[in-house]
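For reference, the structure is listed below as structure tokens.
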Amino acid sequence: MIMASSPRNVFLQGGNTTEFSEPVLKLRRLPFSAPLGSPYIKAADRPRAPISCSAVADKMPATVGGALDSNSLTTRRLMTQTFIDQAELMTVSSTGKFGRFGGKFVPETLISCLSKLEAEFILALHDENFQEELATALRDYVGRESPLYFAKRLTDYYKNSEGKGPEIYLKREDLVHTGAHKINNAIAQAMLAKRIGRKRIVAATGAGQHGVATAAACAKLSLECTIFMGSADVGRQGANVLLIKNLGAQVKVVDGSFKDAMSEAIRNWVGDLETSYFLSGTAVGPHPCPTIVREFQSVIGKETRKQAEEKWGGKPDVLVACVGSGSNALGMFHEFIRDEDVRLIGVEAAGVGLDSGAHSATLARGDVGVYHGSMSYLLQDEEGQIIGPHSIGVGLEYPGVSPELSFLKDNGRAEFYAVTDDEALDAYRRLCQLEGIFPALEASHALAYLEKLCPGLEDGAKVVVNCSGRGDKDAATVYKHNEERV
């Protein structure tokens, strides 16, 4: 079912936009395409990469009176414009589509802005100076690479009566700066924003981790920062709100939850396109936003491949990650999409039960529609209106999901399951007591699925769980629920 009868499901909830019902339906008949750099495109089919600085210089006319001065301001401007022109040509073949998912369902006024953003993003990916600066920031500021930790006691816990079972490893994103994987993307996008001359960053956050990461990145790079947050989340994540403010960012509270905060952040950005930059922390939204987030989070999977080779001389057998909108799951999965012998398992939030209506299991129970500028699976009613999600892990409360994960579900490359609030709480306590590690409640959903996964795995199978964030922010919530359950 594709529901897009209401403009609120096209781009901004409650916003005044063009009705896109007919184009949405037509997307079902479009041929498959995928963003640049996608592993779904064979190498021979990929557009030619931008030429190097030296190649650009060779093709440019010499300055009056002698050879080309590659350090002159005029030359650098000409070279930059040449890169931008070439990058914009390259984006013609990049629709941001994953099968029928993704795309740009936005007002006409935003198309040019998004196309320029894509062009600048492609330039940055091929700019050695930008990549060197980013690598330095990830190493010295973020604290990468994060460890691939062998969870021995957790491994022992899941052994059967014969002492056999899989080996469980944790990708410790909880140990990076600001306490979650969100900083990988936040610092990279903040650098991109500064590179293209933006002075003000706008972002939305649910659990607060993206807000903290964005505020930290803006403080480091001397950028003005405004974070939008739902009133329901402010009360649950008070510590992160204080951190955001201490980092110098402004917090604007919006009635509702994360989906409402994101809508308001986008509205704010649209009202100031010339000086502001919308820094998305989720792999959703109009193209190229999901691709940018996925690309800057893919460091997680790249490190995992390298570390697995170093630790046991091979690849993981199974990768497990929680799924809200999809940033941490794609960060882990993307590197291994072509490795069909590696199982990719995403775990959604079943809340108080899939049949209760109070859950965030978009892939399990959603239908296809358009929301916040792209097509994906959505939690919606029969009239195409968004259904409010629920999860004890605040960062999983979003009614949509990444268009790329939607595609991975449809083509069967990835598996998706759901665990309840209670199961996630049990997993939180289990890791605390067995390994002395307190995971975020979001990551606890991935850990909870080990209960169902491990009994069916071969002895010695290598399982890597993305511990996407630390759970000190959730300690009070866990304690409260423990008291209520007792």
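The values are calculated or read from the model by the stated rules, or taken from the named source; none is laboratory data. Please read these numbers as outputs of a predicted model, since none were measured by experiment. Positions of Cβ are backbone-derived with ideal geometry, glycine not excepted, and every protein chain shown enters the neighbour counts.
Of the residues 197, 235, the single one that is assigned to a loop (DSSP other than H, G, I, E, B), surrounded by fewer than 22 Cβ atoms within 10 Å (Cβ to Cβ), out of contact with any Asp or Glu (no Cβ under 7 Å at 6 or more places or on another chain) and not hydroxyl-bearing (Ser, Thr, Tyr) is 197.
Every residue, every condition in (1) modelled with pLDDT of 95 or more; (2) outside the structural domain of residue 217 (by TED's automatic domain parsing), yes or no:
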residue	(1), (2)
251	yes, no
270	no, no
304	yes, yes
334	yes, yes
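Look through 135, 151 and report the one residue that is among the aliphatic types (A, V, I, L, M) and not assigned by TED's automatic domain parsing to the domain that holds residue 468. Exactly one residue qualifies, and that residue is 135. The residues in region 276-329 that are in contact with a helix residue (DSSP H, G or I) (Cβ under 9 Å, 6 or more places away or on another chain) and not in a helix (DSSP H, G or I) can be counted, and the count is 26. Under the condition of being surrounded by 15 or more Cβ atoms within 10 Å (Cβ to Cβ), over 18 Å from the mean Cα position of the chain (by Cα) and either aromatic (Phe, Trp, Tyr) or not in a strand (DSSP E or B) (or both), the residues counted in region 375-384 number 2. Of the residues making up region 430-486, those that are among the small types (Gly, Ala, Ser) and in contact (Cβ under 8 Å) with a residue 24 or more places away in the chain are 440, 443, 444, 446, 448, 460, 461, 468, 469, 471, 475. You will find that of 396, 330, the residue that is at pLDDT 95 or above, touching a strand residue (DSSP E or B) at 6+ places or on another chain (Cβ under 7 Å) and not charged (D, E, K, R) is 396 and no other. Across region 200-211, the number of residues qualifying as touching an Asp or Glu at 6+ places or on another chain (Cβ under 9 Å) and either assigned to a helix (DSSP H, G or I) or surrounded by fewer than 24 Cβ atoms within 10 Å (Cβ to Cβ) (or both) comes to 2.
The residue that is surrounded by the most Cβ atoms within 10 Å (Cβ to Cβ), among those in region 110-144 that are among the charged types (D, E, K, R) and assigned to a helix (DSSP H, G or I), is 118. The residues of region 332-355 that are out of contact with any Cys (no Cβ under 9 Å at 6 or more places or on another chain) and either aliphatic (A, V, I, L, M) or under 16 Å from residue 169 (Cβ atoms) (or both), listed by number, are 332, 333, 335, 336, 337, 342, 343, 344, 345, 350, 352, 354. In this structure, residue 258 does not satisfy being at pLDDT 95 or above and buried (at least 21 other Cβ atoms within 10 Å of the Cβ).
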